[in-house]
Every structure is written in structure tokens, then in C-alpha cells.
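K.L.:
One structure is given below, represented as C-alpha cells, and several questions about it will come after.
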Amino acid sequence: MKKIGLAWAVLITGLSSPAAAGDWWLVHSGGTKPARVSVAVEESSIRPVPFADNMYTLESIVVLEGTKQPAWVTSNVTVDCNAQKIKEELIQVTPRGGALQRAPNRPFRAFEDEADARVAAFACSMGSASEAARVAMRKEMAGGIRYLGDLTIIGVEERVWASLWADGKRPADTNVRSIEEQERVLADIAERRKRALGEAGAVADRVMATEAAEREERDRFAAREKREPVPVRRSLEPWIGHRDTELVSRWGTPTRYEDEGPRRLVHYYRTSAVAGPDPSGGCGAGNMHVPDPNSKNGGMMCVGGGPARSDTAIDCTASFEVRGGTIVDYFTRGSCAAVLGR
């Protein structure tokens, strides 16, 4: 943000009100008196971006010293650790007088200054750190200037002036709004952000559910390819995605149903027969077609006493898995390739 001598960096998941405290860290302090700038990040707001690789969001506050600059600015910033870029959204400016203002969003860009780089470095290191590592960092730096402590946004501004800029003259605040009015404005902003995050979360949930369902179906299909022979898949695969009522309409009443929580198993038992050998060669049941010993040309003759032609019974159980009334899988037992492939 060149107007205040700094690129507004940092990202947040929700705006803190002046009365809401958090673990704040000073990640940058620069510039020369009387136009110094300090940037702080709220640690618990650092969270990974859904479906993104090594990207994080967090909440920041930029405190400004200059009399012609705002008192402080908060931003929603996303840090892309791989591409080394940041973007800022929902930028809120608190002037030294007048109403809270909204600045335009800034899309992803390369780092413009040291503040951008330091905010990104902090987000990327903290975002990937375990809770134990974060606790160790807080203990290590609790006595220094980097870890500011459990503060409100107004507390961060107070700490910066008391610890960093004690040698300067704090500009008079001509803002006539009361603390209560400021809190109402910030609470309204926080509520709007909460709704936006809720809508984004709902979209993310739907995307995740869709991806999970597609992944489950791919896994089921791969399992069927290994488990079921080709004639079975050719006969039963077209039923995937159809309603169980369609199956019953075509196949008739199932042999039995089996309910297991959210899924129902629909079982069909089928039988058939495989023709056995026919030793009669057309001579009729109970005869045999054999070489004629009196024939000089290899002729055949029918004799009695041979085994009669017989058929072998075979069976198959086809089971369909139904969820929400839709067929999602099937499996078979018995000689289903022979029965269903006929």
C-alpha cells in the first residue's frame, strides 16, 4: 500500500473486535520517524487454504505513526508460500477521525517490500508448525519484542506506541466515535465475514463430498473388475446408478432384503442347468454311438447300455447394494458367469 509506505500484507479468517483478544506477533517494524510502520499477525488465525498446496490465511494489523495516515489497518490476506505471492481482501481502514473505511481488494501479487516478505515468512513457518512448536516459539520469544502477547487490536496499537515508538508523539485521535460505536461497526463486519466464510465452507464441503463420492465409485469399479468375471459385469454393470425400484420391476420380487444401517442389500437367487455329454450321437437316450467293428470305412453303430444324457444344475446369487434408493454396487456368489451370461 504505497499511500502509507507499505504493502498491506497478511490474511485473516475473521476480524477481531477491539475487545476480542488473541496471540499477536510483531512481524515487521520499519520506516523512519515520524512515519514508522509496524505489522502484527494474530497467530490463531493462521489456517491452511482448502484444496490448496502450502497456502495460508491469517489476520493482521498495520499500525501507522504518521499524522496524515490512518491509525491502523486490518486485512484478510492469503499467502501462497510456493509462488511467494500474497493477496488482500476485506481491508478495513481506521482513520484518526471519521468513520471506518473499506479499501479495495488487492489480487495476488509478488512481494512489494520487506513487510510483505516478513508476513509471508511468518505465515508459512507458523502455518506448517505443530502446536508444540508454536508453544515453544511463544515461550522462547515471550520476553522479547516479537511476541506481543494476548492482546486486543487496540491493545496491539497501545503496545506498539509504548514499546516501539515511545520516543515519538502520538497524533491526536479526532475520531468522535465511542468505543461502543466502533465495536458495533466491527461486530457487523465480523458477522458479514462469518457469513462469507460459512458460504465458502459450504461450497468446500460440497466439493469435498463430490470428490469423495467420485473416488469411492472409482474404487468400487476397480474392485468389481478384479472380483467379477466379464459376463457378470456385462450383465450387472448397467444397473449402477439406477433406482432399486427399476430393478424390482424388471427382475421381480427379490429373494430377500437385508438392511445394514444406511445401506440395503437386495439379493436375487437364480438357477440354470448345463447340458451334460450326449454319448448316443443321436441314437437316443441310454444308447452309445461307437465304432462299428464290421465296417471297413470307419463307420459307427448304436449299441445299448450307454449312459443317458444328463444336465448339471448350477446356481447364482446376485446381491445389489442400495444407498438412498440408488444401486451403488453389486457382488455375486456361485456360478453367476454361467447363469447371467446365458
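K.L.:
Which condition breaks for E43 when tested against (1) open to solvent by 10 Å² or more (accessible area, probe 1.4 Å); (2) in contact with a Gly (Cβ under 9 Å, 6 or more places away or on another chain)?
P.N.:
Looking at each condition in turn, E43 falls short on (1).
K.L.:
Pairs needed: first member in the range 153-179, at pLDDT 85 or above; second member anywhere, in a loop (DSSP other than H, G, I, E, B) and not β-branched (V, I, T); C-beta distance under 7 Å; at least 6 residues apart or different chains.
P.N.:
Note: pairs meeting the criteria are E157/A71; W161/R170; W165/R36; W165/E65; G168/K33; G168/P34; G168/E65; P171/R96.
K.L.:
Between E88, E114, E65, which is in contact (Cβ under 8 Å) with a residue 60 or more places away in the chain, closer than 28 Å to R138 by Cα and surrounded by fewer than 21 Cβ atoms within 10 Å (Cβ to Cβ)?
P.N.:
E114
K.L.:
When the range 68-87 is examined, which residues are found to be closer than 24 Å to L148 by Cα and out of contact with any helix residue (DSSP H, G or I) (no Cβ under 8 Å at 6 or more places or on another chain)?
P.N.:
Answer for the range 68-87, where residues must be closer than 24 Å to L148 by Cα and out of contact with any helix residue (DSSP H, G or I) (no Cβ under 8 Å at 6 or more places or on another chain): S75, T78.
K.L.:
I've got another one for you. Condition check: in contact (Cβ under 8 Å) with a residue 40 or more places away in the chain and under 19 Å from R146 (Cβ atoms). Does V37 satisfy that?
P.N.:
Yes: the conditions hold for V37.
K.L.:
Would you confirm, using the coordinates I've provided, whether E211 is in a helix (DSSP H, G or I) and under 32 Å from the mean Cα position of the chain (by Cα)?
P.N.:
Yes, satisfied.
The values are calculated or read from the model by the stated rules, or taken from the named source; none is laboratory data. What you are looking at is a predicted structure, and each value in this text was computed from that prediction instead of being measured. Because the Cβ atoms are built from the backbone with ideal geometry, glycine has one as well, and the counts that use them run over all protein chains shown. Calculation scope for accessible area: heavy atoms of the full protein, side chains included, ligands and nucleic acids excluded. Shrake-Rupley method; radii C 1.70, N 1.55, O 1.52, S 1.80 Å.
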